[in-house]
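Beneath this line is the structure, given in C-alpha cells, with notes to follow.
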Amino acid sequence: MPLAPFRIGPVEVSPGLVLAPMSGVTDAAFRRLVRECSPGAVGLVVSEFVSIEGLTRRDLKTLRMLRYDPGEHPIGIQIFGSDVDRMAEAAAMVQETGVDLVDINCGCPVPKVVKRGGGAELLRRIDHLEEILRAVRREISIPLTLKFRTGWDESSIVCVDVARMAEAAGVQMVTVHGRTRVQLYAGAADWERIAEVKRAVSIPVVGSGDVVSVATARSRIERGGVDGVAIGRGAMENPWLFAQVAADLRGEEAPAPTVSQRFAALRRYRELLDEAYPEKVTSARLRGMACRISRGFPGCGALREAVSRTRRSDELLEVLALFEAGEAMPGKPPVVTARSAA
Ligand SMILES: Cc1cc2nc3c(=O)[nH]c(=O)nc-3n(C[C@H](O)[C@H](O)[C@H](O)COP(=O)(O)O)c2cc1C
C-alpha cells in the first residue's frame, strides 16, 4: 500500500506517519517514548499546542514547553492564538529553538481557546486566519504548516477553502482532522472530506482521526489518498503503533509488545518524565499511561486497580515488579486460609 516519504520544504517525513499534537500528552517525554518504542517509524512529531500569549509574555512554564531533545528531529512546535503580531513574534521564538517547522492550530474546540479567537474559531474568520498565516510566513524561514478541522459545524464545511487559501499564503503542509468543531470527538472522522482537501491542493496533506490500529491506518490511507496520517489517541494506548503500521505498509507484521516490553516502556517513561517534572506530575502521568498501556492483557483489571491506588511513581513501579513476578497485588485483601482464620 502506498505511503511514500514526503517533503515539507527541506524536511523529509519518512515514513508519512506523524505523531499528532495533543495538549497535556505530546510533551518531550511522550514524544521520545513513542520514538523509542517505534524506532525509525515516526516520520514527524508535533508538540502539544503552545500559547502565543504565554510565549510572548515570556512565561516560564510556557517557555519550558518549547524544550525538546536533539534526537527528536524532525519536530514541529504547534502554537495557538489569534493576535496577528503576537502570532508572528511567537513563531519567530519557536524558530529560534532550532525546530524543523512551526505548526498553527486551527482546530482546538475548547471554549477557553475559542472564546479568545484561537483554535477552531479561526475557521469562522478565514480572512483573519489568512492575515495570521501571511504575517507568520514573512517572519520565519522554516516551513509553516497548519492543522484544522473540516469546519465549525455541518453547515459550514470550509476545509477545502482553508487548504487552498493556506497554500496560497505559503503554508507547506496541512493536517486535516476530519471532524467539525461542534462534533468535538464524537462520531467518526470524515475521511472523504480529507480526500477532497488532498485533491484540491498540491502541498502534502496529512489526515487525522481514528487511526488506532494497523487496519484503521490501512483503510484511512486508502480512503484519504493522503501523503501521511497523524496518530493521536492510538499512540496514547500503544506507542508501538507506528512500528506496527510501518511494518504493515512494508508487507510485514510487527508483533504486539509483550507484557515485559510494556513494563520496560513504563520504567523508561518514568525516567523521561523525571527529567522534566516534579514527582507529582510524573506520578500522575505515569498512572495514566500504566492504565492505558496495560489494557487487554490477563489480570490487567487488578493491575489497573492497584496502579490507581498508588501515589508515588516508585510505588507504581513496585506494583509493576510484583505483577511481573506473578505475586499478589498490594492492597488486595490477603487470602484467608483455614489456618490463618483459626
Ligand atoms: C487529549 C487530546 C489533546 C489534543 N490536543 C491537540 C492540540 O494541542 N493541538 C491539535 O492540533 N490537536 C489536538 N488534539 C487533536 C489530535 O491532534 C487529533 O487530531 C485528534 O485526536 C484525532 O486523531 P486521533 O483519532 O488519532 O486521536 C488533541 C486530541 C486529544 C485527544
Original post:
Across segment 218-242, what is the number of residues that are near the ligand (Cβ under 10 Å from one of its atoms), small (Gly, Ala, Ser) and touching a strand residue (DSSP E or B) at 6+ places or on another chain (Cβ under 8 Å)?
Top reply: 3
**OP:** Using the structure shown, decide if residue 98 is within 27 Å of residue 10 (Cβ to Cβ), surrounded by fewer than 16 Cβ atoms within 10 Å (Cβ to Cβ) and either outside the structural domain of residue 20 (by TED's automatic domain parsing) or of a type in the set (Gly, Ala, Ser) (or both).
**Re:** yes
**OP:** Check segment 15-25 and report whether any residue there is farther than 23 Å from residue 288 by Cα and in a helix (DSSP H, G or I).
**Re:** no
**OP:** Within segment 172-182, identify whether any single residue is within 14 Å of the ligand (Cβ to nearest atom), in contact (Cβ under 8 Å) with a residue 60 or more places away in the chain and open to solvent by 40 Å² or more (accessible area, probe 1.4 Å), and answer yes or no.
**Re:** yes
Original post:
Would you pick out the residues in segment 5-34 that are under 26 Å from residue 247 (Cβ atoms), without any contact (Cβ under 8 Å) to a residue 60 or more places away in the chain and either surrounded by fewer than 21 Cβ atoms within 10 Å (Cβ to Cβ) or not assigned by TED's automatic domain parsing to the domain that holds residue 245 (or both)?
Top reply: 5, 14
Original post:
If you check every pair at least six apart or on different chains, which have Cβ atoms under 8 Å apart with a residue in segment 222-235 that is in contact (Cβ under 8 Å) with a residue 40 or more places away in the chain and at negative phi first and a residue that is within 8 Å of the ligand (Cβ to nearest atom) and among the small types (Gly, Ala, Ser) second?
Top reply: 229/208; 230/20; 230/208; 231/20; 232/20; 232/208; 235/20
Original post:
From the list 205, 214, 201, which one is free of Cβ contacts under 8 Å to residues at least 60 places away in the same chain, more than 13 Å from the ligand (Cβ to nearest atom), in the same structural domain as residue 111 (by TED's automatic domain parsing) and surrounded by 21 or more Cβ atoms within 10 Å (Cβ to Cβ)?
Top reply: 205
Subject >> residue 92 away from the ligand (no atom under 15 Å from the Cβ), open to solvent by less than 20 Å² (accessible area, probe 1.4 Å), small (Gly, Ala, Ser) and more than 22 Å from residue 6 (Cβ to Cβ) >> reply: no
Original post:
For residue 70, which of the numbered conditions (1) open to solvent by 20 Å² or more (accessible area, probe 1.4 Å); (2) more than 13 Å from the ligand (Cβ to nearest atom); (3) touching a residue at least 12 places away in the same chain (Cβ under 8 Å) fails to hold?
Top reply: (3)
Original post:
Residues of segment 95-116 being within 16 Å of the ligand (Cβ to nearest atom) and of a type in the set (D, E, K, R), which ones?
Top reply: 103, 112, 116
Original post:
Could you say which residue among 316, 303 is touching a Phe, Trp or Tyr at 6+ places or on another chain (Cβ under 8 Å), closer than 30 Å to residue 28 by Cβ, at pLDDT 90 or above and open to solvent by less than 30 Å² (accessible area, probe 1.4 Å)?
Top reply: 303
Original post:
Considering only segment 145-180, how many residues are of a type outside the set (S, T, N, Q) and under 18 Å from the mean Cα position of the chain (by Cα)?
Top reply: 10
Subject >> Residue check, residue 53 within 23 Å of residue 91 (Cα to Cα), open to solvent by 20 Å² or more (accessible area, probe 1.4 Å) and in a helix (DSSP H, G or I) >> reply: yes
**OP:** State which residue is modelled with the highest pLDDT when the search covers only segment 247-266 and only residues that are in contact with a helix residue (DSSP H, G or I) (Cβ under 7 Å, 6 or more places away or on another chain) and exposed (fewer than 15 other Cβ atoms within 10 Å of the Cβ).
**Re:** 253
**OP:** Return the only residue of 167, 154, 131 being farther than 19 Å from residue 19 by Cβ, more than 14 Å from the ligand (Cβ to nearest atom) and in contact (Cβ under 8 Å) with a residue 40 or more places away in the chain.
**Re:** 131
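The values are calculated or read from the model by the stated rules, or taken from the named source; none is laboratory data. Just so it is clear, the model here is predicted, and its values are computed rather than measured. Neighbour counts run over all protein chains shown; Cβ positions are idealised from the backbone, glycine included. Surface accessibility is based on the protein's heavy atoms, side chains included, excluding ligands, DNA and RNA. Shrake-Rupley method; radii C 1.70, N 1.55, O 1.52, S 1.80 Å.
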